[in-house]
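Notes follow the structure.
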Amino acid sequence: TALHHENARSASDLKVGEEHPTEGKQRLDHGQSEKTKGKIQAVKKEKEKEKIVVKREPIDQTPHLKRPKADPSAPGEGGKGVKLEPLTPEEKSLHAELLKNNSFNAWASSKISLHRSLPDLRHRLCKQKQYFRPLPQSSVIIIFYNEAWSTLLRTVHSVLEATPAELLREVILVDDCSTFAHLQTPLEEYLSDLPQVRLVRSPTRQGLIRARLLGALHARGEVLTFLDSHCECMHGWMEPQLETIARNHSTVPISVLDNILHDTFQYVFIELESIPMGGINFKDLTFAWETIPEHERKRRKSPVDPIRSPTMAGGIFSINKKYFEHLGAYDTGMEVWGGENIEMSFRIWQCGGTIEILPCSHVGHVFRQTSPYSTNDAWKKMVHNTKRMAEVWMDDYKEIYYRRHPEYRKYPIGDLTQRKLLRKALHCRDFSWYLKHVYPSLYVPDIRPMASGQVSHLTSSSACSLPISNDQTGLCLDVIKVGKEPAGVFACHGKGGTQFWELTHAHEVRDKRGEYCLQASWDRSDVITAKCTRTRGDVQPSEEQKWVVKDSGLLYHPQTDRCLDGTESGLSMTDCSTSGSQRWRIENFNP
Ligand code: LR7
Ligand code: MN
């Protein structure tokens, strides 16, 4: 009953803002079985006993737009994929063009109704759950840049048709200065027939971060819900988000992201047991999906309880509007795409908020086939954003990033004064606090490792007595595929990647991600990379993964009492000697 008390308390300071169009007695009976009515009666009686007067009216499920009845055999209906039938030469070229412009099969999407229905695959407990008034209203903000017609409008329709009208203040579409013709007048004309939809146009291309801010500026709801422009919302997606925020305004709920396949547009529902959480990849500070760690599984009591997530993917979440502003909205110095989701995640947690994945809220998203942001120019913008994030929120831990990308150190990133002041004003915690309390399952590479960079030496056939003056001339410790192939030596390329190794204080030789370790054992003479056995800072690595660097440049393996030996024919473990093939030069070595 703690929850009910909470609801009752928040009721006084929550204002829905206007009269509900469907206010009246009738809605109380909407969609309720005799059983649920009985339950509500029982709860009421219990409350009366406790002498707490709680008025509990269920939310009216009626949406602004009713989903038209569809022929179940129509393409894509019920979340099915579209059959990619043999195409005529004309269709083929159209298909190719659409694929090129969208990085997904917009041709398949165009075959599917803008109102397609999805099966309600949520867990039994989600379907049973009832939501009560008052809940705040949300403004749904959909930003887009050159989005396909069908995906954009299916997103809009799914919001209007899957959200109870009384919870949806408006849908705000923000056009980030698209050039596609269908997004000009035709879009305006189409939208003018839809209820509660507004279109805001940015006069210049702002990038998704500032486009979202523009949307937020126009929003009148108490809550903001952000969506990408190629989503489908599943029945019941909004209610748990609003309830979460009503209970605690500093919780940022995110939906489970189902996968709409980019080729057939099949809707793939993520089952309860495979819901991932958001993490980070320390290598380049990008978002990564991760399995939910043991401690978080244990903390939760019901399978549908929220999952605390260290980060969010970025596109699909709700947030109390006042809290969003209080927390510093977004960094307006960020460009185009990328990094803002990690920045916001760290900021939320470090400044006292919480990110929760709600297993009962599902939204589908089209994950593109290829990223339009992997061009050189777009990647630079992403690095720009990531650097701004790291400089403000990560303290000394940003060194881990720079060590892996020394060339990024000199990228200019503009002025950070405002963001640093924000961190001070909100009395936010250190990054070390975040790592320890929010993300204890993450292996954090050493801020100051014993050595890092390439591990190189001259071959024994070359003049081994010469000092190595140029990194590009030797052979370097390398591995074609971590965890799969034995490690070997290849010509040094000086570009890091699989030739980047880090010698940790625990005497491991780790790969760039910090996930795989160089490993030798008695039973074999080659050397492999295996998952590091030391998964957290406070445990010891297994003996097979321990290495000691000797002054003479030997990489000594104490367990087997042998040394790493590399020649053009490969890498092996041999008895230690002073031969050139055992002499290694490790970059940035500071014992
Ligand atoms: O210049 C731009 N202006 C825009 O308005 C570039 C993009 N956009 C729009 C675009 O039309 C789309 O609606 O911004 C949205 C996101 O861009 P996508 O869909 O091309 O990229 P994405 O799906 O990879 O985006 C993910 O990462 C971004 C990092 O900046 C944002 O945080 C996106 O919101 C995020 N999307 C999701 O979280 C959905 C799940 C994807 C995953 C993982
Ligand atoms: Mn997207």
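Results, tabulated for the structure shown:
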item: Residue within region 145-154 that is surrounded by fewer than 14 Cβ atoms within 10 Å (Cβ to Cβ) and in a loop (DSSP other than H, G, I, E, B) present; result: no
item: Single condition ALA288 does not satisfy, out of (1) more than 12 Å from ligand 1 (Cβ to nearest atom); (2) out of contact with any Cys (no Cβ under 6 Å at 6 or more places or on another chain); (3) in a strand (DSSP E or B); result: (1)
item: Among the candidates ARG368, ARG388, ARG419, residue that is touching a Lys or Arg at 6+ places or on another chain (Cβ under 8 Å) and within 16 Å of ligand 1 (Cβ to nearest atom); result: ARG388
item: Check on THR574, among the polar types (S, T, N, Q) and within 28 Å of the chain's Cα centre (by Cα); result: no
item: Pairs, first of a type in the set (Gly, Ala, Ser) in region 286-311, second assigned to a strand (DSSP E or B) and at pLDDT below 95, C-beta under 8 Å, six or more apart; result: ALA288/ASN281
item: PHE317 vs. criteria within 12 Å of ligand 1 (Cβ to nearest atom), free of Cβ contacts under 8 Å to residues at least 60 places away in the same chain and either under 29 Å from HIS427 (Cβ atoms) or under 11 Å from the mean Cα position of the chain (by Cα) (or both); result: no
item: Region 550-562, subset at pLDDT below 95 and surrounded by 19 or more Cβ atoms within 10 Å (Cβ to Cβ), residue nearest to the chain's Cα centre (by Cα); result: LEU555
item: Residue in region 334-343 that is more than 26 Å from HIS218 (Cβ to Cβ), part of a loop (DSSP other than H, G, I, E, B) and within 16 Å of ligand 2 (Cβ to nearest atom) present; result: no
item: Some residue of region 246-254 being modelled with pLDDT of 95 or more and assigned to a helix (DSSP H, G or I); result: yes
item: Unmet requirement for LEU191, which otherwise passes all of (1) under 29 Å from ASP120 (Cα atoms); (2) hydrophobic (A, V, I, L, M, F, W, C); (3) within 13 Å of ligand 1 (Cβ to nearest atom); result: (3)
item: Filter pass, THR291 being under 18 Å from the mean Cα position of the chain (by Cα), within 16 Å of ligand 2 (Cβ to nearest atom) and farther than 30 Å from ALA74 by Cα; result: no
item: Residue count, region 574-585 (criterion: surrounded by 21 or more Cβ atoms within 10 Å (Cβ to Cβ) and either over 29 Å from GLU399 (Cβ atoms) or at pLDDT below 85 (or both)); result: 2
item: Enumeration of residues in region 383-402 that are in contact (Cβ under 8 Å) with a residue 60 or more places away in the chain and out of contact with any helix residue (DSSP H, G or I) (no Cβ under 8 Å at 6 or more places or on another chain); result: ILE400
item: Enumeration of residues in region 231-269 that are within 16 Å of ligand 2 (Cβ to nearest atom) and under 30 Å from GLY352 (Cβ atoms); result: CYS231, CYS233, ILE254, SER255, VAL256, LEU257
item: Single residue of SER93, SER117, SER113, SER109 found to be in a helix (DSSP H, G or I) and touching a residue at least 40 places away in the same chain (Cβ under 8 Å); result: SER109
item: Residue in region 456-473 that is surrounded by 15 or more Cβ atoms within 10 Å (Cβ to Cβ), modelled with pLDDT of 90 or more and not in a strand (DSSP E or B) present; result: no
item: The listed residue being away from ligand 2 (no atom under 16 Å from the Cβ) and under 18 Å from ASP228 (Cα atoms), out of ILE348, ILE319, ILE307, ILE280; result: ILE319
item: Candidate set: region 362-376, residues that are assigned to a loop (DSSP other than H, G, I, E, B) and not small (Gly, Ala, Ser); chosen: the one farthest from ligand 2 (Cβ to nearest atom); result: THR375
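The values are calculated or read from the model by the stated rules, or taken from the named source; none is laboratory data. Because the structure is a prediction, the values reported are computed rather than measured. When we count neighbours, we look across all protein chains shown, and the Cβ atoms used for this are built from the backbone with ideal geometry, even at glycine.
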